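This report concerns only the one structure given below.
The values are calculated or read from the model by the stated rules, or taken from the named source; none is laboratory data. In this text, all values refer to a predicted model and were calculated from it rather than measured experimentally. Positions of Cβ are generated from backbone atoms using ideal geometry, with glycine treated the same way; all protein chains shown enter the neighbour counts.
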Amino acid sequence: MNILILGAGQLARMMSLAGAPLNLNVIAFDVGSNSIVHPLTGEIYTQTLEQAIENADAITAEFEHIPDDVLTLCSQSNKFYPGKAAIKTGGDRALEKALLDKTHVKCAPYQLITEKSHLLSAINELGKPLVIKTCQAGYDGKGQWRLTDENQIDTIWSQMDAFIQSGTELQPHTIIAEKMIPFDREVSIIGARDKHGNIALYPLTENEHTNGVLTLSIAGKEMSALTQQANDAFIKIAEELDYVGVLAIEFFDISGTLLVNEIAPRVHNSGHWTQQGCHCSQFENHMRAIAGLPLGNTELKHITAMINVLGQAAIPTAILHVSDLTSHWYGKTVKPGRKMGHINVSANTLNELAEKLSLLTEDLTQESYPGLFKAASELLIK
């Protein structure tokens, strides 16, 4: 079976690795170069996107910011999963909020902004502080502002207005303001839905962000009180979208109540731990779902931490002495803050995991791996 992935980054790479044992032949469309490539070797093929679509048995995407004409072309083939509506919703916070409202899934109070009067209204109605985000083209903490004082209004508005004005009639730019609500922690749920509506959910994951970028995730902490809320939200959203594939939902935990932060219609960074922590990873389950195969086992096999490698030239080989550690390298050009790879560490207990993370702090720096040091310290204290 032939699978075409829109996007040729690390997620396409890991989907390709997961698909090979299932006899799935994977190629990718590099949106930047408009080329069909092999997601592992980078080999460039001579076929066009139209030819790749024709030859594919199923089409999927590794990220949300895909040109509309490409999405439309793939949708017209009736082979595209999870579908154009899901991808567009994941790439536009205004559409995302509308979906949450329609499905009655809780999120922070918000207001859409296209002119300065809307910003002033948001300040008046929602109060300060405000988290202000671009509805389009935002990721990893980019395209965001924090408004805490009246003196910031003019400066922040000038930057917001520049983004709004950069939109077009066909692709307008909008901004959303959300009430900033103190939260206890950030968690996410990863799940898969197949073509028959069957759903398989992974355990809730606790996430650590640094400057808006995910630095570490841990699966295996006790979160039974939150699980039903997360599962209900996933089911409502997935069924409304008639979703096929893996879907991720990020939440804020506020004293035991979950509010949705973001929806990602794809395999997700906070689910990378499933490669070593579960019998069937998020990547394999996504490939199974879009290929029409039965979903795999999502039960926790090992308590596992995923540590992002950001802007580093390599993963130090010295860490390989830590037992039950697996290194994942993406083979990308090094850039500051760029996701270059990740490290999965598994254990039988949280105490054992804390000991292993502490061992890692001996070979990795706090500056480059802040989430690791925070998690190691907190787990040891507990």
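Could you list, in sequence order, the residues of segment 101-119 that are more than 20 Å from Thr257 (Cβ to Cβ) and assigned to a strand (DSSP E or B)? Correct list: Gln111, Leu112, Ile113. Residues of segment 279-320 that are within 20 Å of Val267 (Cα to Cα) and part of a helix (DSSP H, G or I): Gln282, Phe283, Glu284, Asn285, His286, Met287, Arg288, Ala289, Ile290, Ala291. Looking only at residues in segment 202-232 that are β-branched (Val, Ile, Thr) and part of a strand (DSSP E or B), the one that is surrounded by the most Cβ atoms within 10 Å (Cβ to Cβ) is Thr205.
Filter segment 94-118 for residues that are acidic (Asp, Glu) and either without any contact (Cβ under 8 Å) to a residue 12 or more places away in the chain or surrounded by fewer than 20 Cβ atoms within 10 Å (Cβ to Cβ) (or both) and give the result.
Looking only at segment 94-118, we keep the residues that are acidic (Asp, Glu), and these are 96, 101, 115.
The answer is Asp101, Glu115.
Every residue, every condition in (1) within 27 Å of Lys106 (Cβ to Cβ); (2) among the aliphatic types (A, V, I, L, M), yes or no:
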site: Thr215; (1), (2): yes, no
site: Ser224; (1), (2): yes, no
site: Gln228; (1), (2): yes, no
site: Val260; (1), (2): yes, yes
site: Gln275; (1), (2): no, no
site: Cys280; (1), (2): no, no
site: Lys301; (1), (2): no, no
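Somewhere in segment 353-361, is a residue outside any helix (DSSP H, G or I) and out of contact with any Cys (no Cβ under 8 Å at 6 or more places or on another chain)? Yes, some residue in segment 353-361 is outside any helix (DSSP H, G or I) and out of contact with any Cys (no Cβ under 8 Å at 6 or more places or on another chain). Here Gly91 qualifies as small (Gly, Ala, Ser), crowded, with 20+ Cβ neighbours inside 10 Å and not assigned by TED's automatic domain parsing to the domain that holds Gly197. Annotation note: of Lys356, Lys332, the sole residue that is in contact (Cβ under 8 Å) with a residue 60 or more places away in the chain, under 21 Å from Leu214 (Cα atoms), assigned by TED's automatic domain parsing to the domain that holds His279 and charged (D, E, K, R) is Lys332.
Yes or no: segment 133-147 includes at least one residue that is basic (Lys, Arg), within 30 Å of Ala61 (Cβ to Cβ) and not assigned by TED's automatic domain parsing to the domain that holds Ser270. Yes, segment 133-147 has at least one match. Of the residues Leu325, Leu259, the single one that is without any contact (Cβ under 8 Å) to a residue 60 or more places away in the chain and in contact with a strand residue (DSSP E or B) (Cβ under 7 Å, 6 or more places away or on another chain) is Leu325. Annotation: Ile235 fulfils all but one of (1) closer than 26 Å to Ala85 by Cβ; (2) surrounded by fewer than 23 Cβ atoms within 10 Å (Cβ to Cβ); (3) within 17 Å of the chain's Cα centre (by Cα); (4) of a type in the set (Val, Ile, Thr); the unmet one is (3). Exactly one residue out of Ser121, Ser75 is without any contact (Cβ under 8 Å) to a residue 60 or more places away in the chain, in contact with a helix residue (DSSP H, G or I) (Cβ under 7 Å, 6 or more places away or on another chain) and either polar (S, T, N, Q) or in the same structural domain as Arg338 (by TED's automatic domain parsing) (or both), and it is Ser75. Can you find a residue in segment 65-72 that is outside the structural domain of Gly331 (by TED's automatic domain parsing), among the polar types (S, T, N, Q), touching a residue at least 12 places away in the same chain (Cβ under 8 Å) and not in a strand (DSSP E or B)? The answer is yes, given that some residue of segment 65-72 is outside the structural domain of Gly331 (by TED's automatic domain parsing), among the polar types (S, T, N, Q), touching a residue at least 12 places away in the same chain (Cβ under 8 Å) and not in a strand (DSSP E or B).
Among the conditions (1) part of a strand (DSSP E or B); (2) in contact with a Pro (Cβ under 9 Å, 6 or more places away or on another chain), the only one that Leu259 does not satisfy is (2). Just so you know, in segment 67-85 the residues that are in contact with a Phe, Trp or Tyr (Cβ under 9 Å, 6 or more places away or on another chain) and closer than 30 Å to Gln159 by Cβ include one that is surrounded by the most Cβ atoms within 10 Å (Cβ to Cβ), and it is Leu71.
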